[in-house]
Amino acid sequence: MLSRTAQGLYWMSRYVERAENNARLLDAGRRIEGLPGAEAAGNTEWPSIIIAAGCRETFGEGLEEADREKATYHLAFDQENSSSILSCFHAARENARAMRGAITSEVWTAINSTWAEFRTKTMADVDERRYVDFIETVLASSFTFRGAINSTLLRDERQWFIELGKHIERADATARLLDVKYHVLLPKADEVGAGLDLLQWQQILRAANALRAFRHVYREQISAPRVVDLLVVNSQSPRSLRYSYEAICDNLDNIGVHTKAQRVVADIARENRDKLRTADAHSIIDYGLHEWLTDMIVATNELANTLGESYGFFSQVDRDATEEDAADASNIEVCAP
């Protein structure tokens, strides 16, 4: 496959996944903001969401004063932010348009219809009454896009590069979503396991569409170790880091490792996968959940950077964006209440 085609499919997939994950972060902020006692506890959920999305720099000054309206505008509609939902759907559509010969008409229709719908949306579409509808529409658009791919594309290099982009983006996003709760919203020692702490974990699971899966697997009260187990090391959970890294390695193997640089990429991916295979929730928490997640965010972005260089489909714009993501992740810090 031409590297230009691989690049277009890979980034098309990553941008749709990023739009979905931004919607999940906004949903997490909305849910945590609405918890009983959240305001009295001095939580800073909206600055947390912006940091977790990797958008500290693009947001600019006044991060500590960020509220729902400012965070939503920046992560959903700000065209100056290349990672906003609107920007992501536009970039995905442009990559799909350039790759029309490599995708089916169903895949093109799914992403083109999504862009046609979202290009007309404004902040008026995310008022108090319609906020949930907006988030659900973003998620539904991503599901439709993925369904079109899974139902109509041959299982060949096109599919493998699309899946590779999806799972690299998802591994990064799941780590960021977890970090919203445990680091930026970190409770005081005497609040761990208390009502608000458990409710926050529940809302993180809801934002990840993983609450029902959690109840099916554990059938016990929500706790930090169980949430970490489900979203980090559980190989059957489709949004877990381990599941994503298993898929990344499988797709790299399917694509084929033909050069020394590509072998380096495969080795890095397998090293991260093996780390997840041997990890357990308690050891991760003992190490420091925020520190562990930050390591994984940086490692995932370094993998993406190396992959782009090895397969020859990294533009300078893409390279700069990935390096900024990795740098931003390594500098996540607590927002003072």
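Observations on the structure shown:
- From the list 230, 211, the lone residue that is over 30 Å from residue 108 (Cα atoms), modelled with pLDDT of 90 or more and buried (at least 20 other Cβ atoms within 10 Å of the Cβ) is 230.
- Qualifying positions in the stretch 74-106 - assigned to a helix (DSSP H, G or I) and over 21 Å from the mean Cα position of the chain (by Cα): 97, 98, 100, 101, 102, 105, 106
- Test: residue 115 is open to solvent by less than 50 Å² (accessible area, probe 1.4 Å), touching a His at 6+ places or on another chain (Cβ under 7 Å) and more than 19 Å from residue 70 (Cα to Cα): yes
- Pairs where the first residue, in the stretch 162-182, is of a type in the set (Lys, Arg) and the second is at pLDDT 95 or above and assigned to a helix (DSSP H, G or I), C-beta under 6 Å, 6+ apart: 166/13; 166/17; 170/17; 170/244
- Residue match in the stretch 151-172 (condition: farther than 13 Å from residue 21 by Cα, open to solvent by less than 10 Å² (accessible area, probe 1.4 Å), touching a Lys or Arg at 6+ places or on another chain (Cβ under 8 Å) and part of a helix (DSSP H, G or I)): yes
- If the condition is being acidic (Asp, Glu) and under 27 Å from residue 227 (Cβ atoms), then the stretch 260-300 contributes 271, 274, 280, 286, 291, 295.
- Residues in the stretch 122-143 that are farther than 12 Å from residue 27 by Cα, surrounded by fewer than 17 Cβ atoms within 10 Å (Cβ to Cβ) and in contact (Cβ under 8 Å) with a residue 24 or more places away in the chain: 122, 123.
- Residue-level analysis places residue 257 outside the set of residues that are open to solvent by less than 40 Å² (accessible area, probe 1.4 Å) and either more than 23 Å from residue 226 (Cα to Cα) or in a loop (DSSP other than H, G, I, E, B) (or both).
- Of 320, 274, all but one fail to be at pLDDT 90 or above, in a helix (DSSP H, G or I) and not β-branched (Val, Ile, Thr); the exception is 274.
- Count of the stretch 96-112 residues, restricted to those that are of a type in the set (D, E, K, R) and either modelled with pLDDT of 95 or more or buried (at least 23 other Cβ atoms within 10 Å of the Cβ) (or both), is 2.
- Filtered residues of the stretch 47-64 (kept if open to solvent by 10 Å² or more (accessible area, probe 1.4 Å) and within 23 Å of residue 145 (Cβ to Cβ)): 53, 54
- The lone criterion from (1) modelled with pLDDT of 85 or more; (2) open to solvent by 10 Å² or more (accessible area, probe 1.4 Å); (3) touching a Cys at 6+ places or on another chain (Cβ under 8 Å) left unmet by residue 67 is number (3).
- Of the residues making up the stretch 30-45, one or more are among the hydrophobic types (A, V, I, L, M, F, W, C), at pLDDT below 95 and crowded, with 22+ Cβ neighbours inside 10 Å.
- Verdict on residue 285 being surrounded by fewer than 19 Cβ atoms within 10 Å (Cβ to Cβ) and modelled with pLDDT of 50 or more: yes
- Residue that is modelled with pLDDT under 95 and open to solvent by less than 40 Å² (accessible area, probe 1.4 Å), where the choices are 221, 203: 203
- Qualifying residues in the stretch 71-95 (those that are in contact with a Gly (Cβ under 8 Å, 6 or more places away or on another chain) and more than 14 Å from residue 18 (Cα to Cα)) - the one surrounded by the most Cβ atoms within 10 Å (Cβ to Cβ): 71
The values are calculated or read from the model by the stated rules, or taken from the named source; none is laboratory data. Keep in mind that what you see is a predicted model, and the values were worked out from it rather than measured. Ideal geometry is used to build each Cβ from the backbone, glycine not excepted, and the neighbour counts take in all protein chains shown. The area values use the complete protein model at the heavy-atom level, side chains included, leaving out ligands, DNA and RNA. Shrake-Rupley method; radii C 1.70, N 1.55, O 1.52, S 1.80 Å.
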